[in-house]
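What follows is one structure encoded as structure tokens, with my remarks underneath.
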Amino acid sequence: DTAVSQTPKYLVTQMGNDKSIKCEQNLGHDTMYWYKQDSKKFLKIMFSYNNKELIINETVPNRFSPKSPDKAHLNLHINSLELGDSAVYFCASSQYRGENEKLFFGSGTQLSVL
Amino acid sequence: QKEVEQNSGPLSVPEGAIASLNCTYSDRGSQSFFWYRQYSGKSPELIMSIYSNGDKEDGRFTAQLNKASQYVSLLIRDSQPSDSATYLCAVTANAGKSTFGDGTTLTVKP
């Protein structure tokens, strides 16, 4: 009965590889996000989708490509991984956008690029 | 200047004391303010939201908002060791993008 689930939990890979992280929410929310948390705990938004439509695309290298096949799923594909991509990536969802944007986070994917 | 700033911490308080966590923000158009708690190795979890000036209480937690001073705080009364975590302040404007502070790590010592 997990609300926001993402897989895998851990991802260890070599520089230059391509990897994907999957996210699913069963809360019926219309909006989903990808956040990146660095080693200093700073949480920064990367992308936001509302009902499968991309609405926020922060300054993220175009090696990162989100895809939302339906409003319950939001995946993140990363090409040509670099050392600096090592971080924890959180998927989140929200029932509302704007001023009542309460975020529900998945358990995170710890990405380590060697 | 960072959009959302929190007292850098770490903050250590004895069990039973009041823990005070502070946050300032730069965007005067900000509408909504949230506190998330993040245990080590876990995901952030929403614990408080506040939208208008004043205090909002929920159990041992009180959020305080002063829009004129662009300041929001979280007070934890009767702190327990289980409150030990990183607390993240988040601010949202109408555009619907939550901006987070760097977080304050709280340790409650038995």
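The values are calculated or read from the model by the stated rules, or taken from the named source; none is laboratory data. The model shown is predicted, which means the values in this text are computed figures rather than measured ones. Glycine also receives a Cβ, built like all others from the backbone with ideal geometry; neighbour counts cover every protein chain displayed.
Observations
- Check on residue A:49, over 10 Å from the mean Cα position of the chain (by Cα), assigned to a strand (DSSP E or B) and either basic (Lys, Arg) or closer than 21 Å to residue A:104 by Cβ (or both): yes
- Among the conditions (1) in a loop (DSSP other than H, G, I, E, B); (2) hydroxyl-bearing (Ser, Thr, Tyr); (3) away from chain B (no Cβ under 14 Å), residue A:65 misses just one, which is (1).
- When restricted to residues that are in contact (Cβ under 8 Å) with a residue 12 or more places away in the chain, part of a loop (DSSP other than H, G, I, E, B), over 23 Å from residue A:88 (Cβ atoms) and of a type outside the set (Lys, Arg), the stretch B:26-60 contains 8.
- Complete set of residues in the stretch A:94-114 that are more than 8 Å from chain B (Cβ to nearest Cβ) and modelled with pLDDT of 95 or more: A:109, A:110, A:111, A:112, A:113, A:114
- Tally of residues being surrounded by fewer than 15 Cβ atoms within 10 Å (Cβ to Cβ) and either among the small types (Gly, Ala, Ser) or within 13 Å of the chain's Cα centre (by Cα) (or both) across the stretch B:8-19: 4
- Of all residues in the stretch B:20-50 being surrounded by 14 or more Cβ atoms within 10 Å (Cβ to Cβ) and more than 30 Å from residue A:110 (Cα to Cα), the one that is nearest to the other protein chains (Cβ to nearest Cβ): B:31
- Residue pairs whose Cβ atoms lie under 6 Å apart, sitting 6 or more positions apart in sequence or on different chains, and linking a residue in the stretch B:62-83 that is on the phi > 0 side of the Ramachandran plot to a partner that is in a loop (DSSP other than H, G, I, E, B) and not acidic (Asp, Glu), are B:78/B:16; B:78/B:60.
- Residues located in the stretch B:19-39, provided they are polar (S, T, N, Q) and modelled with pLDDT under 95: B:26, B:30, B:31, B:32
- The residues of the stretch B:6-21 that are outside any loop (DSSP other than H, G, I, E, B), among the hydroxyl-bearing types (Ser, Thr, Tyr) and over 17 Å from residue B:62 (Cα atoms) amount to a single one, B:12.
- Selection count where residues are in a loop (DSSP other than H, G, I, E, B) and more than 15 Å from the chain's Cα centre (by Cα), scope the stretch A:4-28: 8
- Checklist (1) without any contact (Cβ under 8 Å) to a residue 24 or more places away in the chain; (2) assigned to a loop (DSSP other than H, G, I, E, B); (3) more than 11 Å from chain B (Cβ to nearest Cβ) applied to residue A:41, failing item: (3)
- Criterion applied to A:111, A:83 was being in contact with a strand residue (DSSP E or B) (Cβ under 6 Å, 6 or more places away or on another chain) and farther than 20 Å from residue A:4 by Cα, and the one residue passing it is A:83.
- Total residues in the stretch B:64-110 satisfying the condition of being acidic (Asp, Glu) and over 21 Å from residue B:32 (Cβ atoms): the figure is 2.
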